[in-house]
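In what follows, a single structure is set out as C-alpha cells and then discussed.
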Amino acid sequence: MSADGSRRFAANVHGWLLVLPAAALLVLFTHYPTVATFLRSFFSTAKGARGSAFVGVDNYRQMIDDPIFWQVLSNNAYFALGTIPVSIGLALLMAIWVNGRIAGKGWLRLAYFTPTVLPMIAVANIWLFFYTPQYGLFEQVLSAFGVPAHNFLGSKDTVLTCLIIVAIWKEAGFFMIFYLAALQQMSPNLAEAAAIEGASRWHFFRRVTFPLLMPTTLFVLVNAIINSFRLVDHVVVMTRGGPDNASSLLLYYIYEVGFRYWDSAYAAALTMVLLALLALFAVGQFLFMDRKVHYR
Amino acid sequence: MSAAAHGETRAVRIGKMLLRAALLGLFAFFIFGPLLNLLLWAFAERWYFPNKLPSQYGFTFWERVFNPRGNAMASLVTSVGIAVTTVIVCLAIAVPAGLALGRLQLRWRAAIMLVFLLPSAFPNLPVYVNIARVFYELKLAGTVPGVVLVHAAHGLVLAVWISAAAFASVDKALEEAARNLGAGAWRCFLTVTLPLAAPGIIAGGIFVFLESLDEFTGTFFVGVPDVQTLPLLMFNASMGGNYQIASITALLLLVPSVGFMLLVERFLKPNVMATLGR
C-alpha cells in the first residue's frame, strides 16, 4: 500500500470511529426495533395457550379486507392534503412579512414561534379548550356572528377539519423559521436590481424569490408530509379517533389495534405500511435534496 | 390626474385597507385565540355553564401547582433533570459524528448519512413499544436512565444533522492558517474549529433540550408509572377533567420553550440553517 493510500485509510478509520457511537445508538433504538416489527408482521398474535406462529402475508391480507384501514388511510390523505399546502403557504407569507421592515417585528416573530415551540400535547389541550361547546372561545366568537351552536369535535363532518386547523397552527411557524433563514441569506442586490428594472413586487417574487427558495420549499414539503403521518398526540387528546373513526389517522389506528385490541401482529403489519410510506418520502428527500431544485 | 379617477383610487384604497384589517384580525384570532382561552382557564376559579367567562378568578390552582410538596414541582425537577442529562449524552455522541460527517472526506458518506436520515421518517410509536419491551427485560422500564436513553436516541438525529452542518460551514482556510502557524491537529480543533462551530452546536443542544422537555409518547411507554414528567402530568390532569392544572402546566412548559427560542435566534445563524439537510 502506498503512503498516501494508507493515510487515507487511517483517516477513514478515524472518521468511522467518530461516527460509531451515534450509529450504534440509532441502530439499537430505531433500526433494530423496526426490523423486529417487520419480522413480527409475518407471525400471528399469541393468544392464550396458542403461541405465535408463522402465517406469511395473512396479516397483510386481513388489511385489504379491513374497511377501517381504508377509512383511516383516506382520513390521513385528507388530513395531509388539508394541512400541507396551507401551512407552507402561510409560512412563506409570514416569513416574507416578518423579513420586511415593519414595526414590532420581534414581537411578531415571537407570536409565530409560540405555537411551534409548544409541545404537541399542550397544543392539543389548548385547542380542546378552544373548541369546547358553549365554554370555548371559538364557539363564543362564532355565536357573536350569529353562527348556531355546533359540537365541532363531536360531529363526523367537522372533526377532521378541526384537527387540520390545529396542525396548521402548530406547524406554519416552524416552517417559517426555515423560510426566514433562506430569505436572510438572499442578497439585497437582487431586489435592488429588480427595482431598477421596474419589476413589480409580485413579478419579483414569482421570478426570483420563489425559485431561489425552492430547496427550502422541498425540505419543508417533505417534513410536512412526514409530520402529517407521524403526529398522533392531538388525536389521542382531542378525539380518540372518534366519532365513528371519522378522525382516526393511520398511526392512531395502529395504537388502537396494538393496545386496545392487543393484536400486536396486525399492528406490526399496519406499522410496516406506514413505514413504507414514510421511507418513500425520506428517500425522495435524500435523492432530490442536492439536485434539480437549485436555481441556476 | 382627473378628480374622478383620484376619488376612485381612494375608495379602492380604503376598501383594500379594510380587507387587510379584516384579514389581520382573523389571523390574530387564529394565532392568539387559543392561547387566550388557555390563559382564561389558568386563572379561572369557577366557570360553569351558561357563563360566557369565568365567574371568579384567582390563584388557588397556582398555589396548588407551586406547592413545594406537590407533584407538579417534582415533575418539573424530573423533566429538567432528564432534559439536561439527555443534552449531555446526545452532544457527547453527536459532536464527533457531526465532525466526521461534516468535515472529513469519508468513504460511504452517503450510506452513513442515510442511516442517520432514515430514523427521522420512522414512526416513533411502534419503536417505543419495542423499546419498552426490551427495557422491561433489562429492568430499565420505569427508570430515569431508560427515559434518558429514549430521549437521546430521539434527539440524536437532529443533533447530528445540525452539528454536521455547523462543522461544514467553518472556513477551511482558517484551520489551514492555524496549522501553518504550527498548531497541532488537536489544538487546531479546540481553538479554531470547535469555537467557530459552537453556535450551531449550542443551537442543536437547545433543540434536543426542548424535544426532551416536550416529549410525551416515549416517556409514556417507557417511563410509566414511576417517571412523571410535566407533559405526562398535563395529560393526566386534562384527562381527569382538571382543566386549570392542565392549563398552568402548559404555561409552565411554554416558558423555557420561548426563552430558548429567543436564544436560538441569536445562535442559529442563517448560513447554518440554510445548510440543514443538504
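The values are calculated or read from the model by the stated rules, or taken from the named source; none is laboratory data. Everything quoted here is computed from the prediction, not taken from an experiment. Heads up, the Cβs are rebuilt from the backbone with ideal geometry, glycines too, and the neighbour counts pull from every protein chain shown. To get the accessible areas, we keep the full protein, side chains included, count just its heavy atoms, and leave off ligands, DNA and RNA. Shrake-Rupley method; radii C 1.70, N 1.55, O 1.52, S 1.80 Å.
Around A:ALA53, with a cut-off of 14 angstrom between Cβ atoms, what is the net charge of the other residues, counting Lys and Arg +1 and Asp and Glu -1?
Net charge in that neighbourhood comes out at +2.
Just to be sure I understand: if you take the accessible area of chain B alone plus chain A alone and subtract the pair, with a 1.4 Å probe, what total do you get in Å², rounded to 100?
Between B and A, the summed buried area is about 7500 Å².
Might you tell me the accessible area per residue for the protein assembly as shown, computed with a 1.4 Å probe and given in Å²?
Accessible area per residue, the protein assembly as shown: 49 Å².
Counting only protein heavy atoms and a 1.4 Å probe, tell me what percentage of segment A:1-116's accessible area is made up of carbon and sulfur.
C and S fraction of accessible area: 71 percent.
Where is the GNM fluctuation largest for chain A (alpha-carbon springs, 10 angstrom cutoff): A:LYS170, A:LYS47, A:LYS105?
The residue with the greatest mean-square fluctuation here is A:LYS47.
Starting from the Cα gyration tensor of segment A:59-293, take the square roots of the eigenvalues, sort them a ≥ b ≥ c, and report rounded, prolate or oblate (rounded when a/c is under 1.5, otherwise prolate if a/b is larger than b/c, else oblate).
Since a/c reaches 1.5 but b/c is at least a/b, the shape of segment A:59-293 is classed as oblate.
Along the Cα-to-C-beta direction of A:LYS156, a point sits 7 Å from the Cα; which residues of segment A:247-281 have their amide N less than 14 Å from that point?
A:247-248
Taking amide H positions as placed 1.01 Å from N in the peptide plane, with prolines and chain starts having none, which residues 5 or more places from B:TYR57, or on another chain, fall under 5 Å of its amide H?
B:GLU45
Find out how many positive minus negative residues lie around B:ILE245, taking Lys and Arg as positive, Asp and Glu as negative, among other residues whose Cβ is under 12 Å from that of B:ILE245.
Residues near B:ILE245 contribute 0 overall.
Counting only complete DSSP H runs, which helices of chain B cover 24 Å or more along their long axis at the Cα atoms and score a mean Kyte-Doolittle of -1.0 or above?
B:3-43, B:71-102, B:144-168, B:194-214, B:243-267
In whole Å, what is the distance between the alpha-carbon centres of segment B:230-259 and segment A:187-234?
Here the answer is 35 Å between Cα centres.
Set the Förster radius R0 to 56 Å, insert the Cβ-Cβ distance between B:PHE32 and A:VAL283 as r into 1/(1 + (r/R0)^6), and round the FRET efficiency to 0.05.
So, using R0 = 56 Å, E works out to roughly 0.90.
Using only the alpha-carbon atoms of segment A:30-173 as identical scatterers, what base-10 log of I(q)/I(0) does the Debye formula give at q = 0.12, 0.17, 0.18, 0.19 Å⁻¹?
-0.78, -1.09, -1.14, -1.18
Express the carbon and sulfur contribution to the solvent-accessible surface of segment B:71-273 as a percent, rounded to the nearest whole number, probe 1.4 angstrom.
67
Once you have the Kirkwood Rh of the protein assembly as shown from its Cα pairs, apply Stokes-Einstein at 37 °C and 0.692 mPa s and quote D in µm²/s.
In µm²/s, the coefficient is 126.
What FRET efficiency, computed as 1/(1 + (r/R0)^6) with R0 = 22 Å and r the Cβ-Cβ distance, is obtained for B:TYR136 and A:PHE38, rounded to the nearest 0.05?
0.55
Return the residues of segment A:225-242 for which accessible area with all protein chains present is lower than in the chain on its own by 50 Å² or more; set the probe to 1.4 Å and exclude ligands, DNA and RNA.
A:ARG230
Do any residues of segment B:214-247 show a loss of at least 30 square angstrom of accessible area between the isolated chain and the full protein assembly, using a 1.4 Å probe, and if so which?
B:ASP214, B:PHE216, B:PHE221, B:MET234, B:PHE235, B:SER238, B:MET239, B:TYR243
If Lys and Arg each add +1 and Asp and Glu each add -1, what is the summed charge of the other residues whose beta carbon sits under 13 Å from the beta carbon of B:GLY58?
0
How long is the gain from B:TRP62 to B:LEU114 if the chain were fully straight, where each residue apart is worth 0.36 nm and the alpha carbon distance is subtracted?
Stretched fully, the B:TRP62-B:LEU114 segment lengthens by 14.0 nm.
Could you quote the convex hull projected area for chain B, Cα atoms only and averaged over all directions, in nm²?
The directionally averaged projection comes out at 25.5 nm².
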